[in-house]
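In what follows, a single structure is set out as structure tokens and then discussed.
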Amino acid sequence: MTQPGLFDGQSFATLDAVRREALECRRCDLWRSGHRVVFGAGDAGARLMVVGEAPSDADDRTGLPFSGPSGGVLDAWLAELGLSRAQVWLTNVVKHRPTVTENGREKNRPPRTKEAAACAVWLAEELRHVRPELVLALGGSAGKALIGRDFKITQQRGVVLTGPDDVPVLATFHPAYILRLEPPELQEAERLVLEDLALVRRTLDVR
Ligand code: SF4
């Protein structure tokens with residue numbers, strides 16, 4: 001049975017039309033905390049789509065996904081695949097940066113379920129236009145958005161699962177999680193990520 005799409009409803013003729021519409025989005029309250037929409041970027045005909053959680057503070061400044069320290073880690077992972085970020089489509093579950101204020105400081109936070117649901121229209125349209133052969137979901141939020149709310153990164157990373165409209169989805173850790181780890185957990189997580197990247201390579205048949 002075919003898996004349902006992420007969002008049934010509005011659709012746009014081109015990816016540029018999707019981007020233009022998303023830039024004006026007020027479908028959830030995240031537009032109040034994020035300074036700008038961080039839409040997907042890269043190759044609109046890419047075989048691999050990478051979906052993270054949400055824009056970082058760096059992304060919120062530049063308007064580009066994965067422009068901070070997590071992006072540096074992701075670049076190294078893509079290099080393992082012989083790819084650059086210009087050869088994949090990079091995006092996030094939500095397009096505005098979710099924040100929380102702690103001790104007077106603004107920090108990142110994961111998107112809430114209703115925020116991810118509100119933003120699914122844009123991710124669904126990115127999937128429909130880019131038509132990737134494989135989606136690499138980074139972290140639990142991306143896994144939940146693409147596989148289902150019961151997705152657990154600890155149990156379901158490292159296998160190719162069926163995502164919306166039957167697109168193959170492989171989940172691995174988010175680079176921001178890797179950046180928070182210390183030895184020996186760091187080495188173990190990096191080992192698992194390398195296994196996951198090897199599976200990406202085999203699935204896409206790239207060398
Ligand atoms: S996070 Fe997504 S749904 Fe919410 S306002 Fe921004 S673009 Fe719209």
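Derivation of every value follows stated rules applied to the coordinates shown; laboratory data play no part. Not measured: the values here are computed from a predicted model. Note that we place each Cβ from the backbone using ideal geometry, even for glycine, and neighbour counts take in every protein chain shown.
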Checklist outcome for this item: All conditions in (1) within 16 Å of the ligand (Cβ to nearest atom); (2) surrounded by fewer than 23 Cβ atoms within 10 Å (Cβ to Cβ); (3) among the acidic types (Asp, Glu) are true of residue 75 except (1)
Checklist entry - Out of the range 85-128, which residues are over 22 Å from residue 20 (Cβ atoms), of a type outside the set (A, V, I, L, M, F, W, C) and touching a strand residue (DSSP E or B) at 6+ places or on another chain (Cβ under 9 Å)? => result 85, 87, 98, 99, 101, 106, 107, 108, 109, 111
Item to check | Count of the range 171-207 residues which are small (Gly, Ala, Ser) and either touching a Lys or Arg at 6+ places or on another chain (Cβ under 6 Å) or at positive phi (or both) | outcome: 1
Next on the checklist: With the structure loaded, tell me whether residue 134 is of a type outside the set (Lys, Arg), away from the ligand (no atom under 16 Å from the Cβ) and touching a Pro at 6+ places or on another chain (Cβ under 6 Å) or whether it fails that test.
Outcome noted: yes
Checklist entry - Does residue 98 fit the bill of being within 9 Å of the ligand (Cβ to nearest atom), surrounded by 17 or more Cβ atoms within 10 Å (Cβ to Cβ) and either closer than 24 Å to residue 120 by Cβ or over 13 Å from the mean Cα position of the chain (by Cα) (or both)? => result yes
Checklist entry - Does the range 139-161 contain any residue that is surrounded by fewer than 18 Cβ atoms within 10 Å (Cβ to Cβ), more than 15 Å from the ligand (Cβ to nearest atom), among the aliphatic types (A, V, I, L, M) and assigned to a strand (DSSP E or B)? => result yes
Next on the checklist: When the residues of the range 1-26 are narrowed to those that are within 9 Å of the ligand (Cβ to nearest atom) and crowded, with 17+ Cβ neighbours inside 10 Å, which ends up nearest to residue 127 (Cα to Cα)?
Outcome noted: 22
Checklist outcome for this item: Residues of the range 27-59 being within 16 Å of the ligand (Cβ to nearest atom), closer than 27 Å to residue 157 by Cβ and within 15 Å of the chain's Cα centre (by Cα), in sequence order, are 38, 39, 40, 41, 51, 52, 53, 54, 55, 56, 59
Checklist entry - If you scan the range 113-123, which residues turn out to be surrounded by 15 or more Cβ atoms within 10 Å (Cβ to Cβ) and either free of Cβ contacts under 8 Å to residues at least 60 places away in the same chain or in contact with a Pro (Cβ under 7 Å, 6 or more places away or on another chain) (or both)? => result 115, 116, 117
Item to check | Qualifying positions in the range 164-186 - surrounded by 14 or more Cβ atoms within 10 Å (Cβ to Cβ) and more than 14 Å from residue 138 (Cβ to Cβ) | outcome: 164, 165, 167, 168, 181
Checklist entry - Taking residue 143 and the conditions (1) more than 17 Å from residue 55 (Cα to Cα); (2) without any contact (Cβ under 8 Å) to a residue 40 or more places away in the chain; (3) in contact with a strand residue (DSSP E or B) (Cβ under 8 Å, 6 or more places away or on another chain), which numbered condition does it fall short on, given that it satisfies the others? => result (1)
